[in-house]
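See structure below.
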Amino acid sequence: MIRSMTGYGRCQQVLDGWDVTVELKSVNHRFFECSTRLPRTCGFLDDKLKAFLQQHIARGKVEVYVSLDAVETADSRVEINLPLAEAYRDALQQMAEKLSVRDDCSVMGLSRFPDVLTVRKNEADEEAIWNVVRETAAVALEKFIAMREREGERMRDDVLSRRAFLLERVAIVEERSPQTVREHMEKITERMRELLGSATVDEQRLLTEAALFADKIATAEETVRLRSHLDQLEQLVCSSEPVGRKLDFLVQEINRETNTIGSKAQDLQLAQVVVDMKAEIEKIREQIQNIE
């Protein structure tokens with residue numbers, strides 16, 4: 001199934017002592033482009049996340065947001081500067097003796113002095129963090145792809161309905177073109193009879209004129225190629241592979257053949273048919289700009 005390049009997916013869960021949130025969103029882009037917003041201490045995740053996502057996303061401008069918070073205190077430790085605490089204690093005792101005041105030094109009091117207690121973060125286990133982020137990103141990616149596929153299904157149905165419209169118009173062109181030759185011949189014959197009066201009309205001259213006109217407005221080659229292109233269009237929009245670039249090229253070819261038919265049209269009805277076809281092709285072109 002084809003996918004849209006517009007998608008969104010989010011997952012938040014607690015794994016191995018970490019509260020992890022991964023959010024993905026994307027918009028149209030010619031190629032795969034990924035930008036990340038990560039916690040300040042998790043820059044090492046950038047390349048890993050981009051490589052992981054690129055395995056599953058072919059095109060689109062993807063933004064990734066990662067939030068990571070420890071739900072346990074295991075990532076921090078409190079260090080005691082004992083020499084400094086002893087120095088503070090000795091200083092307080094000396095002050096009490098010199099000033100003849102009560103020595104009320106306590107652990108709580110010492111702990112309030114600068115740099116006696118220091119909270120330090122434990123070294124992050126990068127591999128462990130990557131594992132929990134990757135597992136969370138995988139769930140968000142699943143939702144992200146599901147949304148892209150739902151959008152892709154709607155686009156496929158729309159493109160196929162427009163393809164059916166184009167095939168109907170191709171059938172009209174195939175039916176109408178020979179009629180225009182006959183109508184042209186009738187007009188020429190009538191005109192020559194008016195000019196020549198009772199004189200005999202040169203049948204050979206009429207046949208030559210008919211042949212030249214038929215060759216000039218012949219659209220058989222274009223309609224055959226159009227049918228072939230429209231068959232390819234159906235195959236591509238029903239494919240499970242990324243086909244956005246192929247579709248873009250194919251629609252250009254469909255438009256080229258339609259323009260050629262339009263340039264050959266010597267009939268008001270055919271000209272209107274070509275206008276209708278070009279309007280539908282433009283709508284298809286707009287749709288496929290969002291296909292991965």
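Read the figures in this text as sums done on the coordinates, not as results from a lab. Small disclaimer: the values here were computed from a predicted structure and weren't measured. Positions of Cβ are backbone-derived with ideal geometry, glycine not excepted, and every protein chain shown enters the neighbour counts.
Skipping prolines and chain starts, which residues have an amide H placed within reach, meaning under 5 Å, of the one on Ser4, given they are 5 or more residues away or on another chain?
Glu149, Glu151, Gly152, Glu292
May I ask you to derive the FRET efficiency for Lys98 and Tyr65 from their Cβ-Cβ distance with R0 = 51 Å, giving the value to the nearest 0.05?
Computed FRET efficiency for Lys98 and Tyr65: 0.25.
If you take the beta carbon distance between Leu15 and Thr118 as r and set R0 to 25 Å, what does 1/(1 + (r/R0)^6) give as a FRET efficiency, to the nearest 0.05?
Calculated transfer efficiency: 0.30.
Full extension from Gln266 to Gln54: what is 0.36 nm times the residue separation minus their Cα-Cα distance, to one decimal in nm?
Gain on extension, Gln266 to Gln54, equals 71.2 nm.
Write out the trypsin sites (Lys or Arg not before Pro) in the stretch 31-81 meeting two conditions: DSSP loop, and at most 12 other Cβ atoms within 10 Å of their Cβ.
Sites meeting the loop and neighbour criteria: Arg40.
Averaging the inverse of every distinct alpha carbon separation and then flipping it gives the Kirkwood radius. What is it for the stretch 247-292, in angstrom units?
Computed over the stretch 247-292, the radius equals 11.1 Å.
Taking R0 as 25 Å, what's the FRET efficiency between Asn81 and Ser106 from their Cβ-Cβ distance, rounded to 0.05?
My answer for the efficiency is 0.90.
Quickly rank 257-263, 112-118 as a protection proxy: mean count of other C-beta atoms within 10 Å, highest first.
Top to bottom by mean Cβ count within 10 Å: 257-263, 112-118.
Take peptides 100-107, 275-282 and line them up by average Cβ neighbours within 10 Å, highest first, as a rough protection proxy.
Sorting 100-107, 275-282 by mean packing, highest first, produces 275-282, 100-107.
Sort all Cα-Cα distances of the stretch 24-78 into consecutive 5 angstrom bins from zero, then give the percent of pairs in each bin up to the one containing the longest distance.
4, 17, 25, 19, 13, 9, 6, 5, 2, 1, 0
May I ask you to sort His29, His229 by Cβ crowding, counting other Cβ atoms within 10 Å and putting the fewest first?
His29, His229
For the stretch 86-172, state which GluC sites (Glu not before Pro) are in a DSSP loop and have at most 11 other beta carbons lying within 10 Å of their beta carbon.
Taking the stretch 86-172 and a limit of 11 other Cβ atoms within 10 Å, the loop GluC sites (Glu not before Pro) found are Glu123.
Would you mind checking the pairs Lys246/Lys283; Lys246/Lys278; Lys25/Lys283; Lys25/Lys50; Lys61/Lys143; Lys25/Lys143 and listing those with alpha carbons more than 21 angstrom apart?
Violating the 21 Å limit, Cα to Cα: Lys25/Lys283.
Hand me the chymotrypsin sites (Phe, Trp or Tyr not before Pro) from the stretch 2-34 located in a DSSP loop with no more than 11 other Cβ atoms within 10 Å, in residue order please.
Phe31
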